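Q: Input: one structure, supplied below.
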Amino acid sequence: MTADPQLRVAFAGAPGSFAEDAVLAAYPRAQALPVPMFADVVAAVEAGTVAAGVVPIENVVGGGVHEVYDLLLDTEAGVVGEVIVPVRLCLAALPGERLDTIERVYSHIQALTQAERYLRSRGWTLLAATNTAGAGRTIKERAERGSAAVLSPRAAEIHGLEVLAADIQTERRNRTRFLVLAMAGTRGLPRPATADPDGSRRSALAFSVRNEPGTLVRALGVIAEHAINMTKLESRPSREGSWEYVFWVDLDADVCDASAGGAAFLTDLRSVCVWVRVMGCYPRCVEPAPTEP
């Protein structure tokens, strides 16, 4: 399939990363643009040099990606879609290496956590890298003997590494959820290919409550009173005061749709919160079937 040069979508990492998999799952014709860091993805979206960006938000094993939660609170970019990517990890090294010649293993901290049971059984030194595919690329570029990377089989092939051990992830049904970010009014951005065809939608909200007994319970009570299913609750430290927190919730509802009761819900929620911000209302994705080894 020929890439559309007008549909540039940024991701953090190197070619072959799971973030690139997320881009191509959501937009098969996209020109996937690698950038170094999550902050660079957000900056590219804000600057308009890309139509959209993809960032990981949570993993089945590793939990939430806190850096991304914090970045989203500081940007005007909104959430316009989600993608869930199955995660299969392998251990790969330069051709000619063997398991008993490996001394060091590089990968993103999340991937090291996701393969911890296997990695700890070997006694190797584990070293954090910026991303999974980048760890493999670095070993190849440095011709670094005695080192291996934890990454996807596709990334290992792209960067010329040989797989020493396949499917080393602890959780066989491991997967990562990514968010698609775009600025309001972005033109030419199609509906993600991963969107559920039944039209179901989700919303992401952030809010803060007073540091008083019962305030969080009242906020969650509003969600319950409107019969909305909450699929995620995450807290992050607030930058406005010590021991103050911002709460992030994912809801199985489109709170941006006034005709579906969204306006009434937001009015009620704001009445018990210090502030409320709608991060985005977007199509719920179809979760792929787990890829079993």
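The values are calculated or read from the model by the stated rules, or taken from the named source; none is laboratory data. These numbers come from a predicted model, not from an experiment. With ideal geometry, Cβ positions are generated from the backbone for all residues, glycine too; neighbour counts draw on all protein chains shown. Surface areas here come from the heavy atoms of the whole protein model, side chains and all, with no ligands, DNA or RNA. Shrake-Rupley method; radii C 1.70, N 1.55, O 1.52, S 1.80 Å.
Q: Over all directions, average the projected area of the Cα convex hull of region 116-168 and note it in nm². Can you show the working numbers first?
A: Working: hull surface 14.5 nm².
About 3.6 nm², averaged over all directions.
Q: Across the chain, where is the longest run that never hits trypsin sites (Lys or Arg not before Pro) in a DSSP loop with at most 15 other C-beta atoms within 10 Å? Write out the running numbers ahead of the final one.
A: Numbers: sites that count: Arg29, Arg98, Arg122, Arg145, Arg172, Arg173, Arg187, Arg210, Arg239.
Result for the longest clean stretch: 30-97.
Q: For the chain, what % of the accessible area comes from carbon and sulfur atoms, probe 1.4 Å? Write down the numbers at each step before the final one.
A: On the way: 6930 of 13540 Å².
On the chain, the fraction of accessible area on carbon and sulfur atoms equals 51 percent.
Q: List, largest first, the extents of the alpha carbons of region 101-233 along their principal axes, each in whole Å.
A: 60, 44, 25
Q: Hey, another quick one. For the chain, find the longest principal axis of its Cα atoms and tell me its angle to the long axis of helix 132-142, 0 to 90°, nearest 10.
A: It works out to around 30 degrees.
Q: Right, here's the next one. Give me the accessible area per residue for the chain, probe 1.4 Å, as a whole number in Å².
A: Details: 13540 Å² over 293 residues.
About 46 Å² of surface per residue is accessible.
Q: Placing +1 on the Cβ of each Lys and Arg and -1 on the Cβ of each Asp and Glu in the chain, which of Leu251, Ala43, Gly160 has its Cα farthest towards the positive end of the resulting dipole?
A: Gly160
Q: To continue, here is another question. Provide the convex hull volume over Cα atoms per residue for the chain, in Å³. Before the final figure, lay out the partial values.
A: Values: hull volume 44.0 nm³, N = 293.
Cα convex hull per residue, to the nearest whole number: 150 Å³.
Q: Please give me, ordered by residue number, the chymotrypsin sites (Phe, Trp or Tyr not before Pro) of region 206-293 that lie in loop per DSSP and have at most 12 other Cβ atoms within 10 Å. Let's see the in-between values first.
A: Values: sites: Phe207, Trp243, Tyr245, Phe247, Trp248, Phe265, Trp275; in loops: Trp243.
Hits after loop and neighbour filter: Trp243.
Q: Which whole-Hz couplings ³J(HN,Hα) result when phi for each residue of region 234-244 is put into the Karplus expression 6.51 cos²θ - 1.76 cosθ + 1.60, θ = phi - 60°, listed in order with x for Gly and Pro?
A: 10, 10, 9, x, 7, 8, 8, x, 5, 6, 9
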